[in-house]
Amino acid sequence: MQKRILLVEDDREISKLIKDHLEQESYSVWPAFNGEEALTLFAEEEFDVILLDLMLPKLSGMDFLKKIRETSSLPVLIISAKGSDIDKALGLGFGADDYISKPISMIELTARVHAAIRRATQYSSVVNESAAPSTIRFKELSLDFHSFSAQVKGKKVQLTSKEFSILKLFLTNPSRVFTKEQIYLSIWEDDYYGNENVINVHIRRLREKIEENPSNPQYIRTVWGIGYKLGE
């Protein structure tokens, strides 16, 4: 079955370039040229991944992202000419899974789309091993591998696929300290080019969702000079 991509890009020339390339790679691409049109398509159709520009008419890419994150953890890859660290942090902080700066390498874009869909498919597949636990708990945090959801003190927490994967990494390796490079290689399954900002933003965002006091985290602790680990 063809994987379906929602492409939200107001530059019609760039949109056509991306659409034509991804369709050659056997994806089905649905273009939207503003944020409102993208919201309509998102509500009416089912997609496997979203490619999202930040600078959009009618409804900005950031507002679109915030809106869909109220109900969905669908993988979102930001594509934008706004490439500063601040913009990256802002986009990822609102729940994007990855960030690709323009001008775009079609080879890199295809690889990242494929990786995002593969990870999401792994999360949504049913665990068939009956002996494997469906839920893992630590303190007042629980992670359900069947529904791919998390709860803190019995309250459900909405996670993106990346956030779920990071949390799973820590909960299934409770005594291990992970460097940022190890986290990136494990979760993104891509070469690490010192992408510390990506890791920092995801950890901060995850802490804001699961920690009672993100400034004094109890679940994901910082090991200064090394990386992160599950709290004692």
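The values are calculated or read from the model by the stated rules, or taken from the named source; none is laboratory data. What you are looking at is a predicted structure, and each value in this text was computed from that prediction instead of being measured. Note: ideal-geometry Cβ built from the backbone for every residue, glycine included; neighbour counts use all protein chains shown. Side chains included, ligands, DNA and RNA excluded: accessible areas come from the protein's heavy atoms. Shrake-Rupley method; radii C 1.70, N 1.55, O 1.52, S 1.80 Å.
Once the C-beta distance of Arg118 and Glu45 is scaled by a Förster radius of 22 Å, the resulting FRET efficiency is 0.60 to the nearest 0.05.
Note on region 143-205: Cα-Cα pairs beyond 19 Å make up 33% of the total pair count.
Residues whose amide H falls under 5 Å from that of Ser149, counting only those 5 or more places apart or on a different chain, are Asp144, with hydrogens built in the peptide plane. The 3J(HN,Hα) values that the Karplus relation (6.51, -1.76, 1.60; θ = phi - 60°) gives for region 156-162 are, in residue order, 5, 10, 7, 10, 7, 4, 5 Hz. Gly and Pro appear as x. Calculation over all alpha carbon pairs of region 20-74 in 10 angstrom steps from 0 returns a P(r) of 22, 54, 23, 1 percent. Less than 5 angstrom separates the built amide H of Asp98 from those of Val76, Ile78, all sequence-distant by 5 or more or on a different chain. Here the 3J(HN,Hα) profile of region 175-186, calculated from phi with Karplus coefficients 6.51, -1.76 and 1.60 at θ = phi - 60°, is 9, 9, 9, 9, 6, 5, 5, 5, 4, 5, 5, 6 Hz, Gly and Pro shown as x. Backbone geometry of region 28-36 corresponds, through the Karplus equation with coefficients 6.51, -1.76 and 1.60 at θ = phi - 60°, to 3J(HN,Hα) couplings of 9, 10, 10, x, 10, 10, 7, x, 5 Hz, x marking Gly and Pro. Rolling a 1.4 Å probe over the protein heavy atoms gives region 1-72 an accessible area of 53 Å² per residue.
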